[in-house]
Amino acid sequence: MPSFLPTYNQWILLYFGATMVILAANLIQWVVRRERIYGLYTLYLLLLLLAFGLDNVPVTPLTAFIHTVNVHIFAWLYLEIAITFLQLKSRPDLLQGYRIIQKGIVIVALPEVYFNLFSSAWLTQWHETQLNCMRVLVVSVVYLMILYTVIKHVRFSDLLALFFIIGTLALWITQSIGVFIISYYAAKERILSFSDLPSPIHPGFLIQFGILIDIACVSLGLSYRQQQRAMQQMRAEQELIREREQHLRQQLQSDLALQQLKQQHTEAQMRALKSQVNPHFLFNALNTLSALIDENPRQATDYVDELSSVYRYLLRSADQELTTLGVEMEFIQSYVHLLKTRFGDSIRPQLNIAPNYYDALIPPLTLQLLVENAVKHNRVLSDEPLTIRICTTEQGYLVVENNMQHRNVRVESNGVGLNNIADKYRLLGYPLPFIKEKEGWFRVTLPLLPTAQPLENANN
């Protein structure tokens, strides 16, 4: 043989060195990532080193047992690596086949416990022959199962599967040839030691060479797998960013469409209610809604609901002359909610209505006009809060008052709100509201109409 080929003793040092380097690399990966595949493969490499490290140990029943069952252990562990490497846990049909083969390997290995540890059968040629046949059978079943899985159920163009199948084929071919050489020379009794064989046909060399090819392929596959995962994670993050941006754009478009719809709806209602509602209130309401849509979408939704309640009431009451105080108070609470959203704690409503007056009658929108009038003509600041009180008296009157803190810039007033209320009471034939300024408070006292007043007259 050419002199450049290494002897088996030289080769074994190269084999151990390469295996230990890959073992260390996988151990580091397992410590860092804590992934099961790295732990399994680290154990696999460690057992390989221990198995071949016993070659120079004196033969005893225990060492013979280790040499005998190592192929069963490696086959079982190799199937477990294949399950994890090829991600077969998502394929219950294939996984069940792998588990059956693993159980079969354990059952086949059990007689070797008796042959090696409790009898001298391991010294006979019969045992050696059946052991070699069993090794070929176990290895063939394992590797054929893996090849079947890759070819039939995994895309052959998948580089990860290609790495694994190349390593599996290398193991199968070299181990089969190695077992054949061992059986051939043992049957011919031509040599007593394999150390006399040149390294290319030395069974240990062939098996170890196949193992190195498999180790290299699996290690490359693991590296490729890690790279693919990193790329998938990066793509997933980019896709998530794109989805968030698209969702944000859609949300902004929806908010804008909602705002435009509300504006159109409000404008249509404004034309029907302009005789009763100050357009300035609508302008402020829409500005507040526009700001909330960007700052607090959920609060904007609540604001739209309250604004809808306000305008629904305005539309419903447009043709009514009277409504109950209880209904009017429900409406004014929605209206005050809009003001609180706009001004926060700068406006402080105080509502105190005696329950026995909830059924008393009042012209609709009376409270809204008075509250709006208070906000229009007074400062509403955090250090100068505007207090608006709405309460009833024992004499059957409704009092609406606010602390006076006139704006620095004079607001032109045409008295439409107060005149509107006075005109309604005059038309109904009831005493007019009483207006008074006293000790810094602006007070409007309204007579509550008796409940005996028929509401149906308002519809006539």
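Quick notes
- Residue check, Leu398 assigned to a strand (DSSP E or B) and modelled with pLDDT of 80 or more: yes
- Residues (farther than 24 Å from Asn403 by Cβ and at pLDDT 80 or above) located in the stretch 418-431: Tyr425, Tyr430, Pro431
- Some residue of the stretch 377-388 being of a type outside the set (A, V, I, L, M, F, W, C), closer than 18 Å to Leu432 by Cα and surrounded by 18 or more Cβ atoms within 10 Å (Cβ to Cβ): no
- Test: residue in the stretch 346-363 that is touching a Phe, Trp or Tyr at 6+ places or on another chain (Cβ under 6 Å) and assigned to a helix (DSSP H, G or I): no
Residues checked against (1) within 45 Å of the chain's Cα centre (by Cα); (2) in contact (Cβ under 8 Å) with a residue 24 or more places away in the chain; (3) surrounded by 15 or more Cβ atoms within 10 Å (Cβ to Cβ):
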| residue | (1), (2), (3) |
| --- | --- |
| Asn296 | yes, no, no |
| Asp305 | yes, no, no |
| Ser317 | no, yes, yes |
| Leu322 | no, yes, yes |
| Ser334 | yes, yes, yes |
| Asp345 | yes, yes, no |
| Tyr358 | no, yes, yes |
| Pro364 | no, yes, yes |
| Leu367 | no, yes, yes |
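- Exactly one residue among Thr63, Thr42, Thr124 is surrounded by fewer than 14 Cβ atoms within 10 Å (Cβ to Cβ) and assigned by TED's automatic domain parsing to the domain that holds Gly210, and that residue is Thr124.
- Neighbours by Cβ (under 9 Å, 6+ apart or cross-chain): first from the stretch 373-398, on the phi > 0 side of the Ramachandran plot; second in a helix (DSSP H, G or I): Gly396/Tyr357
The values are calculated or read from the model by the stated rules, or taken from the named source; none is laboratory data. Predicted, not measured: the structure shown is a model, and the values here were computed from it. Ideal geometry is used to build each Cβ from the backbone, glycine not excepted, and the neighbour counts take in all protein chains shown.
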